[in-house]
Amino acid sequence: MFPIEEGETVLWSGRPQRYHRRFRDYYWWVVLAILVFGGSFVIAWFDVLSAAFYAWIIVLVLVVGFAVERPKERRALLAITTYFVTDRRLVFVAQGGSGSEFRWVPLAALRAPRVHDLGDGLGTIDFRPTWWEWVKDQEYRPRPAWHPMLPELVAVRDAAQLADLIARNAARPSHVG
């Protein structure tokens, strides 16, 4: 079942053209650096090396695991994702081994689109998430790929024109059932 309703028009469709790195995918490495330096300071200052050594190793291994898994998960999700912009909604389709899964957001519910130029004719479009929305999005990571996520179009061609198309259609009144 494809989620395009009767009378709804597909204005654009596309896929992520490539994977690109950004801070949100690597913040676990920052957490690891803070833990290493902070933990080393505490161990040296209080001389608790023998008591905390094994627990410290376990914490570091867990953080490294999260730091490595997040980009792998995102790369796998982008490889199976297709985007559709209709006159009413932004639709995300993931076509994996277990079938197709659809998520969508009404255009009217999105904030103004913001384009991040990737420098090679590609751009990423996000919808100006607040700090709290970003934290809530991170709370669900790493989890199954389609847990609640911030809507964004990653590494798409002609991102500025696409953002303009989304903004123009978001201003139009529409009904999505």
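The set of residues in region 8-20 that are open to solvent by less than 60 Å² (accessible area, probe 1.4 Å) and farther than 15 Å from Val93 by Cβ comprises Tyr19, His20. For region 21-42, filtered to residues that are modelled with pLDDT under 70 and open to solvent by 70 Å² or more (accessible area, probe 1.4 Å), the residue that is nearest to Gly119 (Cα to Cα) is Arg21.
Can you find even one residue in region 79-94 that is part of a helix (DSSP H, G or I) and either under 21 Å from the mean Cα position of the chain (by Cα) or modelled with pLDDT of 75 or more (or both)? Checking region 79-94: at least one residue is part of a helix (DSSP H, G or I) and either under 21 Å from the mean Cα position of the chain (by Cα) or modelled with pLDDT of 75 or more (or both). Going through (1) open to solvent by less than 80 Å² (accessible area, probe 1.4 Å); (2) closer than 30 Å to Glu5 by Cβ one by one, Ser98 falls short only on (1). The condition (being among the aromatic types (Phe, Trp, Tyr), open to solvent by 40 Å² or more (accessible area, probe 1.4 Å) and not in a helix (DSSP H, G or I)) is satisfied by just one residue among Trp56, Trp104, Trp45: Trp104.
Those residues that are open to solvent by less than 70 Å² (accessible area, probe 1.4 Å) and more than 15 Å from Val10 (Cα to Cα), I need them from region 86-95; list them, please.
Of everything in region 86-95, just one residue is open to solvent by less than 70 Å² (accessible area, probe 1.4 Å) and more than 15 Å from Val10 (Cα to Cα), namely Ala94.
Tell me yes or no: at least one residue of region 126-148 is closer than 18 Å to Tyr19 by Cβ, surrounded by 12 or more Cβ atoms within 10 Å (Cβ to Cβ) and at pLDDT 90 or above. Within region 126-148, none of the residues are closer than 18 Å to Tyr19 by Cβ, surrounded by 12 or more Cβ atoms within 10 Å (Cβ to Cβ) and at pLDDT 90 or above.
The values are calculated or read from the model by the stated rules, or taken from the named source; none is laboratory data. For clarity, every value in this text was computed on a predicted model and none was experimentally measured. So basically every Cβ, Gly included, is an ideal-geometry build from the backbone, and we count neighbours across all protein chains shown. Side chains included, ligands, DNA and RNA excluded: accessible areas come from the protein's heavy atoms. Shrake-Rupley method; radii C 1.70, N 1.55, O 1.52, S 1.80 Å.
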